[in-house]
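Right, one structure below, let's go through it.
We did not get these values from a lab; they are worked out from the coordinates using the rules stated. Predicted, not measured: the structure shown is a model, and the values here were computed from it. In this analysis, Cβ positions are derived from the backbone assuming ideal geometry, glycine residues included, and neighbour counts consider all displayed protein chains.
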Amino acid sequence: MKRTIIYLLKNASQNYPDFKFLGEKTDKGWQTISFKETEYLSDLFAIGLISVGYKRNDKLAILSEGRTKWVVGEFGILKSRAVSVPLSIKLTPEEILFRLNHSEAKAILTSHNNIEKVIQSVKNIDFKNFKIIYLDNDLGFVKSLEDKYDYFNAEKNIITFDEIVELGKSGYDVNKSKLDTCLNKIEEDDVVNISYTSGTTGNPKGIMLTHLNYYANSSASTSLFNIPPNSKMFIILPLDHSFAHTAGTFVGLQIPITLYFLDTRGGGVAALKNIPININEIKPTIMFTVPALSGSFMKNIISAIDKKGGFAKWLFNKGLDVAIKSNGNGFNTKPPSSVIYKLANKLVFSKIRGNFGGEILFMVGGGALLDIKQQQFFYAIGMPIYQGYGLTEATPVISANTAELHKLGTSGMVLKNIDCKIIDDGKELRQGQKGEIFIKADSVMKGYFNNPKATAKVLRDGGLYTGDLGYFDEDGFLVVTGRAKALLISEDGEKYSPEEIEETLAVNPFVNHAMLYNDHSKYTTSIINIDDVYIKKFIKDNNILDANKLLFDIETSINKMLTDGEKDGRFQKKWLPAIFRFSPEQFTEDNKMINSTLKMVRYKITQAYRNLIEDMYKPNAKSDKEHNLKILNKFFS
């Protein structure tokens, strides 16, 4: 048996032929296809690709929202022994072009929402016979784009997904033997895809992940999470996100579970509105999330309770306090049993869970450090988010908390098939000592595509130097403290990872994002991106009449949160921002300050606000309120 993704699909098709695997919403409602149908359609798509002329190691990109054809398309690409290149729908045309040219792509699968952006990107494509494989069928719309882009010819440049499937059908008898030959030649070390890093610290790199990488990581993740069969998983994260790709698509082949994709018809704004609608339609048992998304859930829940006021608000807050104190860190603690909690759970928490479909067993957090207050909050209301840790270079899961074994504030237990050590200056550190996380495993990437220098930098000593810092606590849980490249450095050379403080700040209702800064200085500063919507509501609800009073209230709220973290031992005072300045604009994907996985792009923010950062280190900067007042005055003009 070869340990490949194709083996997993074939096995699922044989063992659970009629089980519904993939689901998406259409004009006719939710439509699902089984494992057997997925196997057959991907066979047809693969034969179609072969008949068109695609062959081993050809690169075919995928830029689309998560949907059935995304998954079927990738399986078909792999069966033809080509390589998929998953791309984020948040990329600009220039960013798309870079990745297409760098990966040497010969085609791209894309959807209605993204076709125009793709057309813009391929104007200067290196491969001159480049094809756009269109996942939808509204060719009239595509044809209309010819008037806007004179270099684009729909008949010449476009072939639809369904047309390739039809080619597979018509050539099935002739080309089935060619497909079987391809399938028999697939090896464990063959590259499945080239996944590009998000570029938070510089230019993106193409991570080559193999069949064995995905097989090893998805199998170990399946064993760790112990997901009940027949579960329903709601996929909100895009499939180019390594976590959703592995823990969704490939874990889903092994249990089995049904994957439902967020309804993205109508674009990004419509998709956001569809999240609560889809959740109540699907009633998922499992969801994946990232801190920015779960933070939004948390703020919305608190806002809704605030609107109710009265007894409901009192009971919610009391029940929450009791549960958080009783739960502790969730490790070797007993669930809350007080009358107050039982009443809050019955009258308030159960209704909140009902708004999330009422059947969620747990959520898993990935992508970045999850603030402890978020973990405590969702654990208390009965929808726990179990923090995990990983990175795309590790395919991606390295450790995770689970329902059976968890400890809030940690990143859980390391997967059994991963050898994980904490290293400093080439030496393995003892338990409790902080250093760089180093792993050896079958899930470690093959390398960076066409970038041997970057590959050699991280693949050393038979394993992967992650660039992340952490330690093992007294109970064996991995605690990740942040990225080495994101370190704050004080004037005496001491280093600190700012992510936990930044995530704590982001929980504050006045704050969207906060980036800490300290480059060999006496004190730490922060650029804070404020939440305009909440501030407008706060002004109205509290009858705030001027910017001075508003600034006082915001400073008081932020400083209390940080002081509480200092008191409970989470934060050292020297790393808390002594001064902060509000950013003049939101951090968004459009201005490149947020990447496609909703993480801050630190170097972009630092570049954009270099003058503001320098201003915070001038004499009397702490007493200078002029900039922040100017930003807040817009709410009173």
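A straight Cα-to-Cα reach below 19 Å connects LYS128 with the aspartates and glutamates ASP58, GLU94, GLU95, GLU104, GLU116, GLU146, ASP150, GLU155, residues fewer than 8 places away in its own chain not being considered.
Straight-line cross-link partners of LYS634 among the aspartates and glutamates, defined as a Cα under 17 Å from its Cα and at least 8 positions apart when in the same chain: ASP531, ASP532, ASP546, ASP553, GLU585, GLU626. Take 133-139, 287-293 and order them by the average number of nearby Cβ atoms within 10 Å per residue, most first; the result is 287-293, 133-139. Relative to the longest principal axis of the Cα atoms of the chain, the long axis of helix 211-225 lies at roughly 50 degrees. Going from the residue with the fewest nearby Cβ atoms within 10 Å to the one with the most, THR4, THR588, THR395, THR556 rank THR556, THR588, THR4, THR395.
Oblate is the label for region 392-468. Its Cα gyration tensor axes, ordered a ≥ b ≥ c, give a/c of at least 1.5 and b/c at or above a/b.
The distance between label points at HIS520 and PHE311 comes to 6.4 nm (points 7 Å beyond Cα on the Cα→Cβ vector).
Relative to the dominant Cα principal axis of the chain, helix 547-567 is inclined by about 80°.
Compared with the dominant principal axis of the Cα atoms in the chain, helix 68-79 is inclined by about 60°. Exposure proxy for ARG581, ARG353: other Cβ atoms within 10 Å of each Cβ, ordered fewest to most, give ARG353, ARG581. Roughly how many Å is it from the Cα centre of region 1-54 to that of region 335-380, as a whole number? If you average the Cα positions of each part, the centres end up 35 Å apart. For the chain, the share of DSSP beta bridges that are antiparallel, to the nearest 5, is 55%. Over 31 Å between C-alpha atoms is what I'm after, so list which of LYS10/LYS55; LYS440/LYS592; LYS283/LYS592 land there. Where the Cα-Cα span goes over 31 Å, the pairs concerned are LYS440/LYS592; LYS283/LYS592.
If the segment from ARG610 to ASP461 were pulled out straight at 0.36 nm per residue, it would be longer than the present Cα-Cα gap by 49.8 nm. In a reduced charge model with +1 at each Lys and Arg Cβ and -1 at each Asp and Glu Cβ, region 487-633 shows a dipole moment near 160 debye about its Cα centre. Highest mean packing comes first when the peptides 94-106, 373-385 are listed by Cβ atoms within 10 Å, giving 373-385, 94-106.
Find out how many positive minus negative residues lie around GLY73, taking Lys and Arg as positive, Asp and Glu as negative, among other residues whose Cβ is under 12 Å from that of GLY73. Residues close to GLY73 contribute a combined charge of +1.
Determine the shape class of region 487-633: with a ≥ b ≥ c the square roots of the Cα gyration tensor eigenvalues, call it rounded for a/c under 1.5, and otherwise prolate if a/b is greater than b/c, oblate otherwise. Rounded, because the longest to shortest axis ratio a/c is under 1.5. In terms of the Cα gyration tensor, with a ≥ b ≥ c the square roots of its eigenvalues, is region 289-335 rounded because a/c is under 1.5, prolate because a/b exceeds b/c, or oblate? Because a/c hits 1.5 or more and a/b fails to exceed b/c, region 289-335 counts as oblate. Between GLU566 and ASP147, the modelled labels are 6.3 nm apart [label points 7 Å from Cα along Cα→Cβ]. Panel order for ILE282, ILE277, ILE62, ILE301, by other beta carbons found within 10 Å of each beta carbon, from fewest to most: ILE277, ILE301, ILE282, ILE62. Here the sum of -39500 (n - 2.57) over DSSP H runs of 4 or more residues, divided by the residues of the chain, equals -12000 deg cm²/dmol at 222 nm, to the nearest 500.
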